[in-house]
Structures are given as C-alpha cells and as structure tokens.
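I have placed the structure first, in the form of structure tokens, so that the comments after it can refer back to it.
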Amino acid sequence: MDIKLQIFIIISCILYLVFIINMIRKEKLDLRYALVWILVDIAIIILCVFPKIIDFIAGLIGIATPVNMVFFFGIVFQIIIVFSLTREQSQNAKKIKELAQRIALLENEKNSGR
Amino acid sequence: MKQEQMKKLIIIPAYNEAKNIKKVINNINDFASDFDYVIINDCSTDNTKEICNKENFHVINLPTNLGIGGGMQTGYIYAHENNYDIAVQLDGDGQHNAKYLNTMLDFLINENLDMVIGSRYIEGRGFQSTYMRRFGGSILSLIIKFVSGTKIKDPTSGLRMVTRPIIKCFSKYYPQDYPEPESIVNIVRMGYKVKEIPVEMLEREEGVSSINIFKSIYYMIKVSLAILIDALKPKKEDKSLWI
C-alpha cells in the first residue's frame, strides 16, 4: 500500500473516531449503537498500520487478491450493521405501538371516570 | 433533618421475578418498614404483574421493556416527583437483604455522603460471585479510580442509596444498558461523595442471571468505553445547577 494512502486513511479514521466520541460525549449518540462503528474504525486503523494482516488473512481463506477481501468484509459488515438496525427498528415500532395503545387505554379509563 | 422525618423510597427493579418478589417485599416489611417501596415491573413476561396486584404491592408496570437503566430511571423520576429525600435500589431477585438499609442510611448521614454502595468485596463474606465476574469488577474498579480518583471495590453492585440531589440527576440522565459503574463515575465527577459499606449478598435463588461469555466481553468493552467517554464530558462542578 502506498504510504500516502495509508496516512490519508489513518487520519480520516482518527477524525471519524473523534467525531463519534464527541457525539457520545454530548449525549447525542448512544454508545450501544456507536460501539460497532468504533470497533470497525479501530479495525481499519490497525489494518492500515499493518497491511500485511490483510495479505495473511486473504491467504488463509484462499482469496487470490487481498483487496477483494477488503471489499468482501466491508460488504459483510455493512449487511450485518444494516440488518441489526432493521431488527432494532422493528422492535422500536412494536414498542411505540404498545405505548400508544397503553396511553389510549389510560385516557379512556380516565375519561370514563373509573 | 432527622432520620425519622425523611421520606425514604426503595426502588425495586423487577423483570420476571414472580418467584422472588414476595420474599423481597416480606424482607422489606421485616427489616425496613419505615421505607416506602415501589416495584418497577419492566414488562415481565411471567406473572409478576398478577402477583403484585393480587398481593396489593405498590407497583409501576412499564408498558414496554426498557431494560434496567430505563426501569431504574422510572423509579428515580417517581422519587423526584414525590419529593423523596432518599432513594435506594434493591434488586427484585432477592440477592440484597433489606436489613442493611438502615445501616446504610446511618452511614450516609454520619459521613455526610451523597451515595452509599453496598459492597460484597470489602469483607468478603456471603455470596462472592464467580472469579470471572470479580476479575471484570476489579478492572472496572481500576478504570473508575483512574478517571474519578475514587476507589470503589464493587462497582457493579445494585445495592445503592442516594440523596435528593442525585435523585434529581438520575431522573434527568441515567445510563441505559449497564448503568451501575457508569453512574458512579457521573456522580463522582459532579463532585458528590460516594463511599462503600460492607454487605453480604445471596446468590439468586430462582430464575437465571442473564450472563454468558460473549455478553461478558461485550459488557466489559462497553462499560469501560462508556466510563472513559464519560471522563471526557465537561465536569458539572456547580452543584446548584442540579439541586
């Protein structure tokens, strides 16, 4: 990997990390959802500092061109994150529905003077 | 203020504690009858709600499952809105004994503290938890010491008593996922005084604790990071903002 590219990616990742942590610090982002981004970010920094790891893992699982492995894992991670968000969103929708129902029932109870 | 005039509330977070909740309330009636209590039923899927209603226990039923953080915060909001001077968390699984509550209260008043934590590890008696959990706990202790300068031997203890200003803080912001260690750091960094007192805890009798190896690793990473990020928050030194 070209040293210029390496430095560029590392600096971007560090800026990104600072950005995320600052959001958490201001309580605008919940650590629970940010954790996976922080870990991916740190993983990218490590891979960038030691690009040999990419070659090693690619050889290990039999991917001929290491860069393909980077793309492959990039896509896999995105699928995992998007899926977990979908799951979270479904649960949120269910919770909001239950809250709305509960409020409606309470209001009804209150108005009928019980 | 005299101890007898204080309004004191026990907050009992309960999720699927149908088998334990009766024992917990009996224990409170035996040893801490001058405390009010409220059970926060975090949308249990067993018949915790039915048992509480049948026995006429004072219970707040959450309409959706909020987790321990959101549940406890509900209790603190209740305490704040009803002008309680003291609030104490007592887990609904029966591992905390109410006989310590008055000792904790005396300690809180005599030492002029803002928060007292019942610690399993000071005298090392009673149920001591597994080696892995103790190891995790001591790492968290180190991190807390590092960012706040206060030594807390049992940072994951759920037996904790707080005063009115902290009730107000917690009713506004309380960590959601694994709140115990993180909330200690928040409190210490605001300039409040926190100390521990030795207690014995029991192993939970019924039901299962929801801890496995992956969850433990996730827990450690998350809580450590949360504490470190909290250390970057601006210090809220001016207590008057919060009272």
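Consider B:ILE51 carefully, then state whether it is free of Cβ contacts under 8 Å to residues at least 60 places away in the same chain, assigned to a helix (DSSP H, G or I) and touching a Lys or Arg at 6+ places or on another chain (Cβ under 9 Å). Spelling it out, B:ILE51 is indeed free of Cβ contacts under 8 Å to residues at least 60 places away in the same chain, assigned to a helix (DSSP H, G or I) and touching a Lys or Arg at 6+ places or on another chain (Cβ under 9 Å). Consider region B:140-174 and keep the residues that are under 12 Å from the mean Cα position of the chain (by Cα) and under 20 Å from B:GLY191 (Cβ atoms). The one that is surrounded by the fewest Cβ atoms within 10 Å (Cβ to Cβ) is B:TYR174. Kindly indicate whether any position in region B:29-47 is crowded, with 20+ Cβ neighbours inside 10 Å, over 16 Å from the mean Cα position of the chain (by Cα) and of a type outside the set (Phe, Trp, Tyr). Scanning region B:29-47 turns up at least one residue that is crowded, with 20+ Cβ neighbours inside 10 Å, over 16 Å from the mean Cα position of the chain (by Cα) and of a type outside the set (Phe, Trp, Tyr). Among strands (runs of 3 or more DSSP E) entirely within region B:55-172, having at least 1 residues that are in contact with a Pro (Cβ under 8 Å, 6 or more places away or on another chain) singles out B:86-89, B:115-119.
Scan region A:56-70 residue by residue and report those that are loosely packed, with under 11 Cβ neighbours inside 10 Å and either in contact with a helix residue (DSSP H, G or I) (Cβ under 9 Å, 6 or more places away or on another chain) or closer than 18 Å to A:ILE45 by Cβ (or both). Steps first, answer last, please.
Initially, region A:56-70 is screened for residues loosely packed, with under 11 Cβ neighbours inside 10 Å, giving A:60-62, A:64-65.
A:ILE61, A:ALA64, A:THR65, listed by residue number.
Coordinate-derived values only; no laboratory data. Because the structure is predicted, anything quoted here is derived from the model rather than measured. No Cβ is skipped: glycine too gets one built from the backbone with ideal geometry, and neighbour counts run over all protein chains shown.
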